[in-house]
1. What are the residue pairs meeting all of these: first residue in the range 157-183, first residue farther than 14 Å from Phe104 by Cβ, second residue part of a loop (DSSP other than H, G, I, E, B) and of a type in the set (A, V, I, L, M), Cβ atoms under 6 Å, and 6 or more apart or on different chains?
2. Just to check your reading of the model, which residue among Thr319, Thr231, Thr276 is hydroxyl-bearing (Ser, Thr, Tyr), at pLDDT 95 or above and more than 29 Å from Gly77 (Cα to Cα)?
3. Only one of these is under 23 Å from Thr17 (Cβ atoms), out of contact with any Phe, Trp or Tyr (no Cβ under 8 Å at 6 or more places or on another chain) and not acidic (Asp, Glu): Ser105, Ser89. Name it.
4. Go through (1) in contact with a helix residue (DSSP H, G or I) (Cβ under 8 Å, 6 or more places away or on another chain); (2) modelled with pLDDT under 95; (3) assigned by TED's automatic domain parsing to the domain that holds Gln158 for Glu93 and report which single condition fails.
5. Which residue pairs have Cβ atoms under 7 Å apart, sit 6 or more places apart or on different chains, and have a first residue in the range 215-237 that is under 18 Å from Ile253 (Cβ atoms) and a second that is of a type in the set (Ser, Thr, Tyr) and surrounded by 13 or more Cβ atoms within 10 Å (Cβ to Cβ)?
6. Can you tell me which of (1) touching a Pro at 6+ places or on another chain (Cβ under 6 Å); (2) free of Cβ contacts under 8 Å to residues at least 24 places away in the same chain is the one Val150 doesn't meet?
7. Applying the selection to the range 177-200, what residues are modelled with pLDDT under 90 and part of a loop (DSSP other than H, G, I, E, B)?
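The values are calculated or read from the model by the stated rules, or taken from the named source; none is laboratory data. Note that the coordinates shown come from a computational prediction; the quantities given were computed from them, not determined experimentally. Virtual Cβ from ideal backbone geometry, glycine too; neighbours counted across all protein chains shown.
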Amino acid sequence: MVSAMSEKVFLSGIQTTGEGQPTLGNYLGALKRYVDLQNEGDSYFFLANSHALTVRIDPAQLRHNTLSMAAWYLAAGLNPKTATLFVQSQVTEHAQLAWVLNTFSQMGELERMTEYKDKASRNKGNINAGLFTYPVLQAADILLYQPTHVPVGEDQKQHLELCRNIAIRFNNLFDQSTFTVPEPFIPTTAARVKDLQDPTSKMSKSLAGQGCVFLDDEDKVIEKKFKRAVTDNEAQVRIDEQNQPGITNLLEILATISGKSMEQAQADCADMQYGTFKQAVADAVVAKIAPIRTKHAELITNTDELETILADGAARARTVAAKTLANVYDTVGLLKA
């Protein structure tokens, strides 16, 4: 494990909704970044299964999704001996700290959360309290581990800002540095993968049509989805998000998956016809994803090993989380067990 004296501490998590099948966007925007970060400092990556309860989900499906997502982390290259990989619900300090932080969060702050308003508008039959206080549990997820940096996409910056506000409010109220106030970590190479059929929208499981590529898609399925990707009538491969969002999205996918800059990817493909270009992107994606898919298939058949890895990760996470929670309890005057 990385030394506890490491200057940087990273933390992030992935929710275990859907079918336990991450998309290409999840891989390029999160999993790949986690693998890259695990050697740069202490790192904690968790499966946010408690957050998944804000929507109605079959219990057996949730358990499967959690183990499947763990297998995807490992298949993508996360080393559980280097990074701490664990399940949110197996570290009870998350729920305990969330309650305390609820009392330091303002209704108006939570009402302004864009994600809450979006999800509430799409789930009018189940606008539950957990959906409303979701960002507070997310703040607890983060602050328990005193991270210096939190990898976030543009869609999560508002939640991290709320987390920072709660931490600062708590610290100021008690005139001490109980919580490290984390900084957002947005690498310049972070991919913002868009839907292949609607390149103005984020690639998402919820849309899950021909524009969404899953990591467990077979090679031929991936090729077909890229061949059908929306482009334009410009007939020129170039970076132009406003006028050529489809081509720009494909260039970003190609650049990120091949470790190149978008300018390099553009130069490599500038003379290609659209059909040839889309095939080149598909080939690069298949070459990267196929071995990950194969590794995942191997891992998911051995649930005992997965559960052992996650139990070990939870034990390691708990040593840090328990220390933070004990400090918080002492600060606010709660009696500890």
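1. Final answer for the pair search is Leu160/Val152.
2. From the options Thr319, Thr231, Thr276, the qualifying one is Thr276.
3. So the residue among Ser105, Ser89 that is under 23 Å from Thr17 (Cβ atoms), out of contact with any Phe, Trp or Tyr (no Cβ under 8 Å at 6 or more places or on another chain) and not acidic (Asp, Glu) is Ser89.
4. (2)
5. Short answer, once both residue conditions are applied: Leu215/Tyr27; Thr231/Tyr274.
6. The failed condition is (2).
7. Ile186, Pro187, Thr188, Thr189, Ala190, Ala191, Arg192, Thr200
Listed here are the residues, each with its yes/no results for (1) in a loop (DSSP other than H, G, I, E, B); (2) of a type outside the set (Gly, Ala, Ser); (3) within 23 Å of the chain's Cα centre (by Cα).
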{"residue": "Phe226", "(1), (2), (3)": "no, yes, no"}
{"residue": "Ala235", "(1), (2), (3)": "yes, no, no"}
{"residue": "Asp240", "(1), (2), (3)": "yes, yes, no"}
{"residue": "Arg318", "(1), (2), (3)": "no, yes, yes"}
